[in-house]
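Derivation of every value follows stated rules applied to the coordinates shown; laboratory data play no part. Just so you know, these numbers come straight off a predicted model, no measurement behind them. Backbone-built Cβ (ideal geometry, glycine too); neighbour counts: all protein chains shown.
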Amino acid sequence: MGFCLPGYKTLRRGKYVLLLFVSLSVLAWIATFSGEIVKSAQIFSASPQTLVQADSLRDQLNTETAAPNQIETPTPKAECPKESPLLQGAVKLSFESSLTLKDVESKNKGVTDGEYEPSDCTASQSVAVLIPHRSRERHLLYLLNHLHPFLQRQQLHYAIYVIQQAGDATFNRAKLLNVGYLEALKDYSWECFVFHDVDLVPENDHNLYVCDNQPKHLVVGRNATGYKLRYKGYFGGVTAMTKDQFLQVNGFSNTYWGWGGEDDDLRIRVELQKMKIVRPPADVARYTMVFHKRDSGNEINKDRMRLLGQTPLVWKKDGLNSCTYKTMLLERQPLYVNVTVDIGKP
Ligand SMILES: *[C@@H]1O[C@H](CO)[C@@H](O)[C@H](O)[C@H]1NC(C)=O
């Protein structure tokens, strides 16, 4: 007979083997499961703080293995406090001629592809900072050097976009900002946009780069004008509008080539929508204007007064909805997204 029933002893040994096998599988299952949680926490953010959180999570799991069904998924990050504890107020700005892009990169390791998000709390707003630019590398470097730590101290989720005008036709700041808005929204649904001149550096981090329920003008004063508003109704330099406010006014006009007028045009658009420009207190909304001479290719726009007279008639068809351009290069650098764009000529 080829078939043989196991004896009583063999049966008992078999039971032990089975028991051993079952307990080993349970152990293996627990090990992979807690490993999985730690891994997902790491993907969420690789900052040391989150790793600490992940460790404590694993400890928690190990004490809870008696009832594995009650393991909960990690709770989402709490909202960042109403006022960031990291704010420093007025700071002395420095503009070292020896500063390099590498220096700024190594000081801002938390920034990837120009984007940053606090690791330990959820930011109140997601903000895209748009900087129109052409051959002002030194100014851009100084601005990045100050702006990144400034925005991080404000605990914002933000990204910086530098929109460079290709070619050497007359500069068009407003159209570049329209392009920046349209391009940034392809990356993420930013709720707030800050339109930022490259030569203005904020001096006080209580000047919050967030949007309000009205369009916000962030530059009350600059060192070049004795920290006084340039003129009543001035809405240039650095402004903040929500995605919807900007859409409602159809963005900037595309027709202002050369220096001046486009910011007044935006003010008219805002006023036509019965919106009211708000400003932070003067002692906070202070900027240092880094010295430069007028750029060639950005001469004063002599046509600006005539154009401003037409704004109420043309704003609906001149703006975001008529902004045509050709993206020449979209490059994600460590500290900003570079969008180089052909916007045509006057
Ligand atoms: C403002 O400060 C910057 C940086 O220190 C300096 O280059 C510029 O000349 C100052 N402007 C005035 C008018 O003081």
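Across the range 116-127, rounded Karplus estimates of 3J(HN,Hα) from the backbone phi angles (6.51 cos²θ - 1.76 cosθ + 1.60, θ = phi - 60°) give 9, 8, x, 7, 10, 8, 8, 5, 6, 9, 10, 10 Hz, Gly and Pro being marked x. Residue ranges 198-206, 298-306 sort as 198-206, 298-306 when ordered by packing (mean number of other C-beta atoms within 10 Å per residue, highest first). Ordering ALA174, TYR231, VAL129 by the projection of their Cα atoms onto the charge dipole of the range 101-342, which places +1 on the Cβ of Lys and Arg and -1 on the Cβ of Asp and Glu, puts TYR231 at the extreme positive end.
Which of the lysines could be linked to LYS316 by a straight reach, that is with a Cα gap under 21 Å, when you skip same-chain ones fewer than 8 residues away? Here the lysines satisfying the reach criterion relative to LYS316 are LYS175, LYS243, LYS274, LYS276. Under a model in which nothing but the beta-carbon of Lys, Arg (+1) and Asp, Glu (-1) is charged, the range 101-342 shows a dipole of about 760 debye around its Cα centre. Along the axis of the charge dipole computed for the range 175-271 (Cβ charges of +1 for Lys and Arg, -1 for Asp and Glu, origin at the Cα centre), the listed residues LEU208, VAL219, HIS196 are led at the positive end by VAL219. For THR122, the residues whose amide H sits under 5 Å from its own are ALA78, GLU79, CYS80, ignoring neighbours fewer than 5 places away on the same chain, with H placed 1.01 Å from N. What shape does the range 101-342 have by the C-alpha gyration tensor, where a ≥ b ≥ c are the square roots of the eigenvalues, rounded means a/c under 1.5, and otherwise prolate means a/b greater than b/c and oblate the rest? Here the range 101-342 falls in the rounded category.
The HN-Hα couplings worked out from phi for the range 138-149 by the Karplus form 6.51 cos²θ - 1.76 cosθ + 1.60 (θ = phi - 60°) are 5, 4, 4, 4, 4, 5, 4, 4, 8, 5, 4, x Hz, whole numbers, x standing for Gly and Pro. Magnitude of the charge dipole for the range 94-204, about its Cα centre and with charges confined to Cβ atoms of Lys, Arg (+1) and Asp, Glu (-1), is about 200 debye. Couplings for the range 178-185, taken from phi via the Karplus curve 6.51 cos²θ - 1.76 cosθ + 1.60 with θ = phi - 60°, read 4, 4, x, 4, 5, 6, 5, 5 Hz in order; Gly and Pro are left as x.
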